[in-house]
1. Counting only other residues whose beta carbon sits under 9 Å from that of L51, what net charge do I get with K and R as +1, D and E as -1?
2. Quick one: grab the alpha carbon gyration tensor of region 51-150, order the square roots of its eigenvalues as a ≥ b ≥ c, and give me rounded if a/c is under 1.5, else prolate or oblate depending on whether a/b is larger than b/c.
3. Using a/c under 1.5 as the rounded threshold, could you call region 146-320 rounded, prolate or oblate? The axes a ≥ b ≥ c are square roots of the C-alpha gyration tensor eigenvalues, and prolate needs a/b larger than b/c, oblate otherwise.
4. With the chain treated as a Gaussian network of Cα nodes joined by springs under 10 Å, which of V73, V359, V194 yields the largest mean-square fluctuation?
5. Above 27 angstrom, tally the Cα pairs of the chain and express them as a % of all pairs, no decimals.
6. K27: which lysines have alpha carbons under 28 Å from its alpha carbon, excluding same-chain residues fewer than 8 sequence positions away?
7. Provide, as a two-decimal number, the C-alpha radius of gyration of region 233-319 over 2.2 N^0.38 Å, N being how many residues it has.
8. For the chain, list the DSSP H helices whose alpha carbon atoms reach 18 Å or more along the long axis and whose average Kyte-Doolittle value is -1.0 or above?
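No value in this document is a laboratory result; all are computed from the given coordinates. Predicted model only: the values in this text are computed from it and were never measured. Neighbour counts run over all protein chains shown; Cβ positions are idealised from the backbone, glycine included.
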Amino acid sequence: MAAARRAGIALVGASDPVRIGVPVETKADENRVSLTPAAVHVLCGDGHEVLVESGAGSGSGFADGDYLEAGGVLGTAPEVWSADLVAKVKEPEPPEYRYFRPSLTVFSYLHLAPAHELTEALLASGLTAVALETVQRDDGSLPLLQPMSEIAGRMAVQVGAHHLQKPHGGRGVLPGGVPGVPPAHVVIVGGGTVGRGAARIAVGLGARVTVLEVQPDRLRELDEAFGGRVATAASHPYTVGGAVAEADLLVGAVLVPGARAPRVVSEAMIRQMRPGAVVVDVAVDQGGCVATCDHATTHHDPTYLRHGVVHYAVANMPGAVPRTATEALANATLPYLRRLAARGWKAAAAADPVLGRGVNVTGGVITCRPVAEAQGRPYQPLAGLL
């Protein structure tokens, strides 16, 4: 630690060093890694030992040597998972459940509301799981989900435009049209971070854009932000149904923090879309806000056809742009990870309610109300455990 002070690295709190593990992501087509070499350098400067599974950063363009130079230690999967605190990007996959134990803290996107099997494994193990997507400020903002939502929102229109091309199953419509031919109609359900990012790209492509949102204040913000280039409408079943029927590209961007996404777009609405229209449901990792997006797909096999409509339902969209996504993610998560490492999850959560809202499971109980309600399981307020 003295070396860290000499190097000018600010230490977070004062505690015994911990071992932090960075495993290879095992989800299909997931090329992100939880920490960049720069983030590892900071954590090592804090006095902690960072174990990086060999090859963990290769998908994002970070070599093993980069982590060694930053002060990390290379290891195997069992060695990395033996750490006190494991930092991941996506939720653990079933082959990783064997590493679960009561003394472990996992810091990762979890999206537990629709994930009954994973939740059961976490509860049975007694470990503590901190979900990045439910770390929430008092104003409702989600600082660790926001960078990935920004990426997913922008990607949604990119991939939607790609699949609108006839060779990829679409209607053969150019988003921006050409003189004398109208542009495609992009309908975005949800005006939060994902919706705003999608609107930005759709407007940039010259498409006709409609955003539906339930919050009047957010509709005003969108109208002001886009200077009238985006049509806005209050989100009700009637207005959603009418807009969906006219859409060439539909982007599902509805989020309820920690909870299963509400099914805002019904199957009957999808039946009204024109053949070759495209649906991109960014909410699929929370169960999907489009009724016909009832299962997740992968980057290698991203779409399926339902009622003549192309459905894109990849649950880890930012994994396709891992260099950008990894750097954005590490920038956001590092301050919170340093607090967890410096104090342990319990003291860190007690000192910072924002971080405390991220604790979804600990000691065999669910401490996130939306997850418990989504699964019909008992809920234990975290405050009673701190």
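1. Overall, the nearby charge balance is -2.
2. oblate
3. Cα axes put region 146-320 in the rounded bin.
4. The residue that fluctuates most here is V73.
5. 50 percent
6. Correct list for K27: K88, K90.
7. Region 233-319 yields a ratio of 1.01.
8. Helices passing the filter in the chain: 146-164, 322-343.
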